[in-house]
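Everything below concerns the one structure shown next.
The values are calculated or read from the model by the stated rules, or taken from the named source; none is laboratory data. From a predicted model like this one, the values you see are computed outputs, not experimental measurements. Please note: Cβ atoms are built from the backbone with ideal geometry, for glycine as well, and neighbour counts cover all protein chains shown.
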Amino acid sequence: MNARPAPRRCLVTGANRGIGLEFVRQLLARGDRVVAACRRPARAHALNQLAGEHPGRLHVLPLDVAEPKSHAELARELPLALDGLDLLINNAGVLHSGERFGQVPIAHLDDSLRVNASGPFLLTQTLAPLLASGAVVANLSSELGSIASAAGFHTPSYAISKAAQNMATALLARALAERGVAVLALHPGWVQTDMGGAGAQVAPADAVRGLLRVLDAATVADSGRFLDWRGRAVPW
Ligand code: NDP
């Protein structure tokens, strides 16, 4: 069980829509304090409305996870909103669809690796001094990044970047273990968001409820595990 009781101090990246926005909603509903990070806060209407409804408990700050300079700016601003972090949710992600073998452009691979793998790794490294003992870092991965489950030639730039993110999770788990910080790779299910697209089966509210249950139950003994929204282990 996450040792630290509510209100927890939380940071969610890519918080302006999809799964990230739903994390913010549910964390606020249970009384936590949240920094919601997104690329363009001025255009994040849903977040700004939530900030008005939860004065002092939600701060919306700029972050482009692909830009280390932006990580450093967030690290400078974050202590003005929260005096530490109990939960870091590396949620921001990108998926380039329509890729076919023989025609996968390097731009897709570069962008996917930067946003999905380097981003969470470097941001966690930058924010590590702010993580409290007992904190949890959640990296939103995907079963598409599971090498053991690979079937067919689907979304290669995304799959490669999530597999790289999984290694980042394993290494961060080791680096942060002595600080009592757990780091998990999480598969949210196939979720009804812009990324999930047509055919997605899981409502964002259900996915996030499940993921928060998994995170609340996580101890440092679980660090480095790859779990889905129902708490089941996903093969690496
Ligand atoms: P969406 O496409 O709906 O939202 C993606 C979010 O990431 C947006 O807020 C977007 O911001 C943000 N983002 C993208 N690039 C950057 C960047 N460079 N810096 C900061 N923010 C960025 O995706 P989902 O909500 O569905 O996915 C959330 C996470 O869950 C992702 O990591 C995804 O890979 C993972 N996941 C999702 C699944 C699904 O079925 N939906 C399945 C498995 C995993 P902006 O609005 O500015 O573009």
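What do you reckon, is A151 touching a residue at least 24 places away in the same chain (Cβ under 8 Å), over 21 Å from L27 (Cβ atoms), more than 10 Å from the ligand (Cβ to nearest atom) and of a type in the set (A, V, I, L, M, F, W, C)? If you could, list the steps in order and put the result at the bottom.
Values: touching a residue at least 24 places away in the same chain (Cβ under 8 Å): no; over 21 Å from L27 (Cβ atoms): yes; more than 10 Å from the ligand (Cβ to nearest atom): yes; of a type in the set (A, V, I, L, M, F, W, C): yes.
No.
Are any residues in region 202-231 more than 9 Å from the ligand (Cβ to nearest atom) and outside any helix (DSSP H, G or I), and if so, which ones?
At the first step, the residues of region 202-231 found to be more than 9 Å from the ligand (Cβ to nearest atom) are 203, 205-206, 208-231.
Matches in region 202-231: A203, A218, T219, S223, G224, R225, F226, L227, D228, W229, R230, G231.
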Residues located in region 99-130, provided they are part of a helix (DSSP H, G or I) and acidic (D, E) = D110, D111
For region 31-47, enumerate the residues that are more than 18 Å from L130 (Cα to Cα) and surrounded by 16 or more Cβ atoms within 10 Å (Cβ to Cβ).
-> C38, R39, P41, A44, L47
The number of residues in region 14-60 that are more than 16 Å from the ligand (Cβ to nearest atom), of a type outside the set (K, R) and in contact with a Cys (Cβ under 8 Å, 6 or more places away or on another chain) is 1
Residue hits (region 131-152; more than 13 Å from the chain's Cα centre (by Cα) and not in a helix (DSSP H, G or I)) are L131, A132, S133, G134, A135, S146, I147, A148, S149, A150, A151, G152
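Name the single residue that is modelled with the highest pLDDT among those in region 1-13 being more than 13 Å from the ligand (Cβ to nearest atom) and hydrophobic (A, V, I, L, M, F, W, C).
Filtering region 1-13 down to residues more than 13 Å from the ligand (Cβ to nearest atom) leaves 1-10.
Add one more test, that the residue is hydrophobic (A, V, I, L, M, F, W, C), and what stays is 1, 3, 6, 10.
Values: M1: 43, A3: 50, A6: 72, C10: 98.
Only one residue fits best here, namely C10.
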What number goes with the only condition from (1) within 14 Å of the ligand (Cβ to nearest atom); (2) in contact with a His (Cβ under 9 Å, 6 or more places away or on another chain) that E77 does not pass?
-> (1)
If we ask which residues in region 6-45 are charged (D, E, K, R) and in a helix (DSSP H, G or I), their number turns out to be 3
Just give me the residues in region 121-132 being touching a residue at least 60 places away in the same chain (Cβ under 8 Å) and either crowded, with 24+ Cβ neighbours inside 10 Å or among the small types (G, A, S) (or both), in sequence order.
-> L123, A132
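Does any residue of region 200-214 turn out to be in contact (Cβ under 8 Å) with a residue 40 or more places away in the chain, closer than 25 Å to L109 by Cβ and of a type in the set (G, A, S)?
Narrowing region 200-214 to residues in contact (Cβ under 8 Å) with a residue 40 or more places away in the chain: 204-205, 207-209, 211-212.
Subset that is closer than 25 Å to L109 by Cβ: none.
Looking through region 200-214, none of the residues is in contact (Cβ under 8 Å) with a residue 40 or more places away in the chain, closer than 25 Å to L109 by Cβ and of a type in the set (G, A, S).
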Note on L63: of the conditions (1) surrounded by fewer than 24 Cβ atoms within 10 Å (Cβ to Cβ); (2) near the ligand (Cβ under 8 Å from one of its atoms); (3) of a type in the set (A, V, I, L, M, F, W, C), unmet is (1)
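Among the residues of region 215-231, what is the count of those that are over 19 Å from A177 (Cβ atoms) and either of a type in the set (G, A, S) or buried (at least 17 other Cβ atoms within 10 Å of the Cβ) (or both)? Write out each step before concluding.
In the first step, residues of region 215-231 are kept if they are over 19 Å from A177 (Cβ atoms); the result is 216, 228-231.
If we keep only those that are either of a type in the set (G, A, S) or buried (at least 17 other Cβ atoms within 10 Å of the Cβ) (or both) as well, we get 228-229, 231.
Residues meeting the conditions: 3.
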Selection status of S146, within 9 Å of the ligand (Cβ to nearest atom) and among the hydroxyl-bearing types (S, T, Y) | no
Among the residues of region 74-120, which ones are free of Cβ contacts under 8 Å to residues at least 40 places away in the same chain and at positive phi?
-> G98, G102
Could you please let me know if V183 is surrounded by 17 or more Cβ atoms within 10 Å (Cβ to Cβ), in contact with a strand residue (DSSP E or B) (Cβ under 6 Å, 6 or more places away or on another chain) and either closer than 15 Å to T13 by Cα or at pLDDT below 95 (or both)?
-> no
